[in-house]
Structures are given as C-alpha cells and as structure tokens.
Amino acid sequence: MSQPSVILATAGYDHTIRFWEAKSGRCYRTIQYPDSQVNRMEITPDKRFLAAAGNPHIRLFDVNSNSPQPVISYDSHTNNVMAVGFQCDGNWMYSGSEDGTVKIWDLRTAICQREYESRAAVNTVVLHPNQRELISGDQNGNIRVWDLTANSCSCELVPEVDTAVRSLTVMWDGSMVVAANNHGTCYVWRLLKGTQTMTYFEPLHKLQAHEGYILKCLLSPEFCDPQRYLATASSDHTVKIWNVDGFTLERTLTGHQRWVWDCVFSVDGAYLITASSDTTARLWSMSTGEAIRVYQGHHKAAVCCALHDGAESPPS
C-alpha cells in the first residue's frame with residue numbers, strides 16, 4: 001500500500017477509525033476499535049503509525065497496512081486516555097488519563113518508562129518544543145509543568161479554581177502557551193526561559209472566546225508565520241480563529257450542527273480540519289472561513305481527528 005502524502009484520520013463513538021482522502025473526501029480505510037470510543041489520535045512524526053487513545057488503552061496502528069490489528073498496545077492506564085503525543089523524533093510517546101496520571105512510554109517496547117501523578121483527571125497534555133517539559137491540565141483546574149530532566153513537577157498554576165482545563169497548546173517556538181477551560185475562557189501566558197531550563201509563565205492575556213465550553217485550543221504551526229492564529233473549538237458548534245497579535249477575532253467557522261471536539265491545522269496553516277458530535281469532520285479554508293469538504297461516514301459523534309501533511313521527519 002503506497003504512502004499517501006496526506007494522512008487524515010477521524011474517530012469517535014462509533015468504534016471506528018476512518019482514513020480519508022483529504023481532497024476527494026473518500027474514506028479509503030476503516031479500522032474497527034471494539035474496546036471503547038476513541039478519545040484522541042496522533043500520527044507519528046515519520047508518518048508510519050497512528051496512536052489511538054481509548055478507555056483505558058492506547059493502540060498503535062500501521063498507517064500503510066491493511067491489517068485491522070494494532071501493531072502494539074499500551075496498557076497501564078486505568079481510565080480514559082485523553083491525551084497522546086510523540087517526542088519529535090518518535091522515540092517515545094506521552095499520554096494523560098482520567099486516572100490522574102501522565103505517562104511516558106517507550107514506543108517500541110510499550111513499557112511505561114515514567115509516571116507523573118496529577119491527583120485529578122488529566123484532560124490535556126502537550127510537549128514543549130524544547131522536548132524537555134510536558135505541560136498537563138486537569139479537571140480541577142491545575143496546570144503542571146513536568147521537567148523531564150529533573151524528573152519532577154517544576155511549576156504549578158491554577159488560572160481559575162475548580163474550572164477544568166480542557167485543552168493546552170504551545171506556540172511552535174515555545175514563546176507562548178494557551179489554556180482553555182469549561183467557562184469558554186482562554187488564558188494566555190508568555191513563556192520565559194529561566195536561568196536553568198525551567199520555563200516561567202508571564203500572564204499575557206485573558207480571552208473570553210465562547211459562551212460554552214472550549215473543547216480544544218490550538219496555535220498555528222511554524223510554516224503559517226508571520227501570521228499567528230489561535231483556533232478555539234467549542235460546544236457552541238463553532239470554531240473561532242483569533243489573531244494572536246492582540247487576540248482579535250479573525251473569523252468564525254460555522255456549519256457544524258453539534259459540539260466541535262477537535263481541530264488540527266495543515267502544516268502551512270492554510271487549512272483547518274475539525275471533528276464534531278454531528279458525526280462529520282470538515283476541512284476549512286483559513287483564508288475564506290468556508291468549509292471546502294465534509295467527511296461523512298461515522299454513525300456517532302466524531303470527537304478526534306489527526307492530520308499529517310508535512311514531510312515525514314526521519315526516525316533518529
């Protein structure tokens with residue numbers, strides 16, 4: 001099976017993962033995921049594998065195979081896995097779960113190498129571009145920085161007490177972090193380098209982005225520069241695009257009929273893919289705000305999407 005240049009996958013509550021031809025909208029592969037719903041997906045930097053996080057497992061699938069079976073399974077979480085991602089050269093994977101832990105896994109052996117205790121259900125985890133710090137957000141409203149070199153929690157923030165942090169995103173150059181919560185608010189910090197490797201948070205902005213929950217926030221990628229955007233996906237059925245320079249509203253993407261759970265930028269920031277409870281995923285033009293393509297095939301809520309349309313970074 002030849003490697004498609006654009007890998008686009010969606011999943012959710014109908015126990016399937018679907019791979020799509022981004023341009024035509026055709027679904028060319030469906031994988032059954034019988035154990036649970038799929039909460040979150042991520043594609044490895046080398047484009048070879050897709051990690052699907054469910055309850056309580058993470059399964060790794062071969063992108064270029066027709067096999068319905070996972071290549072490997074990661075099994076020590078005890079509740080919904082809500083976050084998953086990879087270190088930049090694909091050597092290890094990180095995850096966060098409603099069991100209150102953040103874990104680091106050896107990708108090849110599926111052994112959990114490290115575990116950090118958040119003491120509340122973890123909703124979101126991002127890796128700082130320096131590859132040395134994980135930042136997690138939990139149901140009690142805590143944001144924690146896990147210093148992988150010191151192997152400890154180096155920083156703790158509570159932007160709004162008892163308000164769940166739903167999503168975190170870090171600017172590609174490590175200059176900014178955004179946390180979105182259940183009150184429709186985004187907290188923005190400038191990230192400053194300390195004397196050691198430790199990162200300091202300097203409050204920059206508080207953005208009341210939506211009336212409803214923000215389910216995902218995402219900063220635009222490197223090749224979108226000099227334009228820098230923040231996308232916020234919400235339970236109010238919309239995605240809003242904010243200009244990071246002043247946090248002014250650029251446009252509102254309307255068309256989904258239910259909650260919008262996830263979004264991902266194309267590598268150049270020209271397009272955005274979204275996944276919604278209305279069972280569809282959509283491809284949006286960032287320049288016009290129009291939906292170019294609707295991906296239809298799921299029978300229940302589509303809550304996560306994954307896209308890799310850049311060059312594969314070679315394995316180290």
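The values are calculated or read from the model by the stated rules, or taken from the named source; none is laboratory data. Nothing here was measured: the structure is a model prediction, and the numbers come from that model. Ideal geometry is used to build each Cβ from the backbone, glycine not excepted, and the neighbour counts take in all protein chains shown. Please note that ligands, DNA and RNA were not included when accessible areas were found on the heavy atoms of the full protein model with its side chains. Shrake-Rupley method; radii C 1.70, N 1.55, O 1.52, S 1.80 Å.
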Could you list, in sequence order, all residues of the range 260-292 that are surrounded by fewer than 19 Cβ atoms within 10 Å (Cβ to Cβ) and either at positive phi or out of contact with any Lys or Arg (no Cβ under 7 Å at 6 or more places or on another chain) (or both)?
VAL267, ASP268, ALA270, SER285, SER287, THR288, GLY289, GLU290, ILE292
Just to verify a result, which residue in the range 1-40, among those that are charged (D, E, K, R) and either in contact (Cβ under 8 Å) with a residue 60 or more places away in the chain or touching a Leu at 6+ places or on another chain (Cβ under 9 Å) (or both), is surrounded by the fewest Cβ atoms within 10 Å (Cβ to Cβ)?
LYS23
What pairs can you find where one residue is in the range 163-190 and on the phi > 0 side of the Ramachandran plot, the other is surrounded by fewer than 20 Cβ atoms within 10 Å (Cβ to Cβ) and assigned to a strand (DSSP E or B), and their Cβ atoms are less than 9 Å apart, with a gap of 6+ or different chains?
GLY174/LYS193; GLY184/GLN208
Considering every residue within the range 185-206, establish whether at least one is hydroxyl-bearing (Ser, Thr, Tyr), open to solvent by 10 Å² or more (accessible area, probe 1.4 Å), under 23 Å from TRP261 (Cα atoms) and at pLDDT 95 or above.
yes
I'd like to check something: does the range 293-307 contain any residue that is open to solvent by 70 Å² or more (accessible area, probe 1.4 Å), more than 23 Å from ARG18 (Cα to Cα) and assigned to a strand (DSSP E or B)?
no
Quick one: what pairs do we get from the range 122-140, first residue free of Cβ contacts under 8 Å to residues at least 40 places away in the same chain, second in a strand (DSSP E or B) and open to solvent by less than 10 Å² (accessible area, probe 1.4 Å), C-beta under 7 Å, 6+ apart or different chains?
ASP138/VAL122; ASP138/VAL165
So how many residues does the range 237-248 have that are free of Cβ contacts under 8 Å to residues at least 40 places away in the same chain, over 12 Å from TRP261 (Cα atoms) and assigned to a loop (DSSP other than H, G, I, E, B)?
2
What are the residues in the range 41-58 that are open to solvent by 40 Å² or more (accessible area, probe 1.4 Å) and in a strand (DSSP E or B), if any?
GLU42
Given the criteria more than 20 Å from VAL303 (Cβ to Cβ) and either surrounded by fewer than 15 Cβ atoms within 10 Å (Cβ to Cβ) or aliphatic (A, V, I, L, M) (or both), does ASN79 qualify?
no
Can you list residue pairs whose Cβ atoms sit under 8 Å apart, with the first residue in the range 46-69 being under 14 Å from PRO4 (Cβ atoms) and the second being among the small types (Gly, Ala, Ser) and in a strand (DSSP E or B)? Count only pairs 6 or more apart in sequence or on different chains.
LEU50/ALA9; LEU50/ALA306
For the range 237-259: of the residues being hydroxyl-bearing (Ser, Thr, Tyr) and open to solvent by 60 Å² or more (accessible area, probe 1.4 Å), which is farthest from the chain's Cα centre (by Cα)?
THR248
From the residues in the range 209-236 that are among the small types (Gly, Ala, Ser) and assigned to a strand (DSSP E or B), which one is farthest from the chain's Cα centre (by Cα)?
SER234
